[in-house]
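Worksheet: the structure to be examined is printed underneath.
Derivation of every value follows stated rules applied to the coordinates shown; laboratory data play no part. If you're wondering where the values come from, they're calculated on a predicted model, not measured in any experiment. Cβ atoms come from the backbone with ideal geometry, glycine included; neighbour counts cover every protein chain shown.
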Ligand SMILES: Cc1cc2nc3c(=O)[nH]c(=O)nc-3n(C[C@H](O)[C@H](O)[C@H](O)COP(=O)(O)OP(=O)(O)OC[C@H]3O[C@@H](n4cnc5c(N)ncnc54)[C@H](O)[C@@H]3O)c2cc1C
């Protein structure tokens, strides 16, 4: 870990962070803020986009709403981290290099992998070809253009998880002329307490969303979807929100991955197979006492900060601490003026307490808008980023491996 790269008289430890999403950018700001002015550590953040992708708002982008321009190099200003724009095409874990745009190579001593995940369109026939996704701002814009052109007709939202619910509600509210059908195996809000779940379903009803739970989509077709049992649900557009697929890069690099392709980490967020690689956010399979963590923004940002702190500790020859995280809420927007916030135990199970209506909508907006001020604050006072819910007894007794 204490590898140093020698350039002339100076020795520099090169940290390369892949992905400027919620997790990777948190790692870069935290680490960059703590090494400003140091010659012995160089931090480089790589992402395909110079504009930060606010994934939490992609259902808004998909209905033509304008999102704020958050510029990654500007967010890094004042820190010791530099930005490289490019598409990561390969990681060579033996040579410790990252290939960018298939033409440049970036060497590293420590790698932080935070390239996130996308909806899994590969598992279902026709989804790659015919379904829209919320995988990137570009994909959301393609759907927005389609919806704007439609005027009337039917939109099928496949997947009744939280992304599907938020998207269905947003489309129904922004495009009242469209029929929105939400299809999924489970009732929307099934993981919430009965009050929150009932509120969520009645809000979908109020917005005119037709919910069909307990169904299995077998195929996406040019004109709709086919369900198990052979029923054809006609649609002018199908939005696929189900499953999460991680890039094949880590597996191709020979890193230990789980069945979903996520990098398996030890308690300190280091790859169990490659000690100089850390994994954060949706691309990491991070085990807590309650199980492998579900990818969210609320957990992704702390994982990035933790990786930054672990790297600094390792550079100082100290033992990195285990990452402990406990969930605290699930905020779900139901259009622009309504929402439900389910408060949770650290293991993500629902508590009795929830918020609904306009108060919940304000809460949700505050949470969604909070990453930027968090990073700005972290630049001035890095320790401010190191506070999150550790999960108490739900995560205690985790030893660094
Ligand atoms: C519509 C929607 C609503 C959501 N709402 C919530 C919510 O309310 N609360 C919540 O906690 N979570 C929510 N999520 C989930 C949340 O967005 C993710 O858990 C979070 O974005 C994960 O952060 P990350 O940093 O791991 O990955 P991401 O935020 O996805 O960032 C990955 C970054 O890597 C870049 N990248 C990917 N591949 C490459 C490559 N090969 N080369 C270069 N760059 C690359 C991307 O451009 C991106 O900037 C929502 C997701 C969606 C789609």
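Counting pairs of alpha carbon atoms under 8 Å apart in space and at least six apart in sequence, what relative contact order in percent does the range 155-237 give?
So the answer I get is 28 percent.
If you average 1/r over every pair of different alpha-carbon atoms in the chain and take one over that average, what Kirkwood value in Å do you get?
21.9 Å is the Kirkwood radius here.
I'd like the antiparallel share, as a percent to the nearest 5, of DSSP beta bridges with both residues in the range 127-240.
30
Quick one: check the C-alpha center-to-center distance for the range 83-162 versus the range 362-380, whole angstrom.
First find each Cα centre; the distance between them is then 24 Å.
Where both residues lie in the chain, what percent of DSSP beta bridges are antiparallel, nearest 5?
50
Which value in nm describes the separation of the simple spin-label points at residue 190 and residue 289, placed 7 Å from the Cα toward the beta carbon?
Taking the two extended label points, one gets 2.9 nm.
If you line up the long axis of helix 22-35 against the longest principal axis of the chain, both from Cα atoms, how many degrees apart are they, to the nearest 10?
Helix 22-35 sits at roughly 20 degrees to that axis.
What is the Å³ per residue value for the convex hull set by the Cα atoms of the range 127-240?
Cα convex hull per residue, to the nearest whole number: 94 Å³.
Take each of the peptides 97-103, 117-123, average the number of other beta-carbon atoms within 10 Å over its residues, and list them starting from the highest.
Per-residue mean Cβ counts within 10 Å order the peptides as 117-123, 97-103.
Where does helix 371-380 land angle-wise versus the long Cα axis of the chain, in degrees 0 to 90, nearest 10?
The answer is roughly 20 degrees.
Pairing the Cα long axis of helix 162-174 with the longest principal axis of the chain, what angle in degrees results, from 0 to 90 and rounded to the nearest 10?
Approximately 50 degrees, to the nearest ten.
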